[in-house]
Amino acid sequence: MTQYPMTAGQFDLVYNASSFTLASMMASTIFFWLRVSSIHEKYKSALVITGLVTFIAAYHYIRIFNSWVDAYSFPPAVDGVVQDPVQPPPHRPPVVGLLSPPPSPPSSTPPAPSPPPVVTGQPFNDAYRYMDWLLTVPLLLIEIVFVCNLSPAETSSKATSLGVASGLMIILGYPGEGMIDEDDLGTRWFFWAAAMCPFLYVVYTLLVGLNGAIASESNPAVREMLNGACYATVISWCTYPIVYVFPMIGFEGPGAVVAIQLGYCVADIVSKCGVGFLIYNVRASPTLATPAAFTPPLPRRSRSPSRRPRASSPARRAPATKVGSAPAVVSAKPSSGQSLADLTGKAVIASPIVPGSKGMY
């Protein structure tokens with residue numbers, strides 16, 4: 001890939017876009033993984049994969065950002081004016097002040113130009129982006145398959161076919177990515193066409209192949225959100241082949257490099273963070289889940305704060321006695337001034353008087 005000179009504005013556009021994309025990926029990763037506990041057990045794997053996608057993208061955007069910074073160096077500012085990287089700054093005449101010596105008379109020899117900036121010699125490595133896609137693009141498709149209402153066998157089959165097709169798409173598109181010179185555009189068209197074959201298969205599967213699984217959802221809100229996730233994935237992915245052809249439709253030199261980097265940053269945010277939030281919303285609320293997945297808890301009986309007083313227990317009955325034996329005496333001794341009749345709730349059974357014995361009192 002040719003290392004083109006950049007203006008300060010072009011350098012800052014890619015610098016700021018990469019920084020914004022990196023922050024988006026990191027924030028999305030934290031959110032997805034912190035919200036795993038709010039998802040039903042059946043769909044936690046999908047949300048973990050969503051966070052894994054943005055985590056891998058965040059790591060590679062760190063490498064892309066550092067590679068872009070290391071590829072260009074700014075010369076010292078002239079009179080407070082920031083110069084363009086990897087381009088010699090224009091010659092400026094010295095400013096004459098009140099305390100400065102008078103300017104020397106003009107000479108016949110032209111002034112020496114300002115020294116050119118130091119070129120780092122480290123090329124911008126855009127292969128980090130393809131290494132990111134080789135890992136995250138299959139995972140993006142797998143997470144969509146995991147939230148669909150499919151049997152385990154269908155889930156495995158769809159995930160495998162989509163993962164292989166998306167990986168083949170990335171591998172076929174990589175050789176032509178660095179060919180942005182006019183002489184190499186024919187080869188770039190060839191690799192673009194080769195990568196479009198598996199790309200069209202993925203699009204067909206998302207829009208047609210998963211219709212049966214989406215239609216089997218009993219909740220209409222789930223069906224609508226799954227359709228939205230599939231269409232958002234297809235629309236965001238259509239930006240990648242469009243960005244790929246920027247050098248073939250009029251973008252040249254540094255303008256093509258900047259346009260490609262900005263386009264890929266926007267597409268990554270939409271396809272990874274945006275679709276990830278759609279996947280989260282599909283299964284985040286129990287009201288949007290399948291009826292079998294969430295069972296509402298039974299209402300608990302509320303106890304009244306004041307308990308009713310228990311009714312007075314009836315008089316105790318004397319245990320049954322055998323024939324010929326003296327019954328047991330259940331009695332209570334009255335207090336002073338109280339008779340046996342005043343003792344309510346007590347049964348008083350007088351024991352038979354045995355000859356030679358004294359009474360109860």
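Summary table
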{"item": "Residue that is surrounded by fewer than 16 Cβ atoms within 10 Å (Cβ to Cβ), at pLDDT 85 or above and on the phi < 0 side of the Ramachandran plot, where the choices are Ser151, Ser156, Ser161, Ser216", "result": "Ser156"}
{"item": "Subset tally (residues that are within 25 Å of the chain's Cα centre (by Cα) and more than 16 Å from Leu140 (Cβ to Cβ)) for the stretch 210-240", "result": "12"}
{"item": "The stretch 12-39, residues that are touching a Phe, Trp or Tyr at 6+ places or on another chain (Cβ under 7 Å), hydroxyl-bearing (Ser, Thr, Tyr) and at pLDDT below 90", "result": "none"}
{"item": "Members of the stretch 246-282 that are of a type in the set (A, V, I, L, M) and in contact with a Lys or Arg (Cβ under 8 Å, 6 or more places away or on another chain)", "result": "Met248"}
{"item": "Any chance Leu140 is in contact with a helix residue (DSSP H, G or I) (Cβ under 8 Å, 6 or more places away or on another chain), modelled with pLDDT of 90 or more and in a helix (DSSP H, G or I)", "result": "no"}
{"item": "Number of the exception - Val202 against (1) under 21 Å from the mean Cα position of the chain (by Cα); (2) hydrophobic (A, V, I, L, M, F, W, C); (3) surrounded by 19 or more Cβ atoms within 10 Å (Cβ to Cβ)", "result": "(1)"}
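The values are calculated or read from the model by the stated rules, or taken from the named source; none is laboratory data. This structure is a prediction, so every number in the text was calculated from the model and none was measured. Cβ atoms come from the backbone with ideal geometry, glycine included; neighbour counts cover every protein chain shown.
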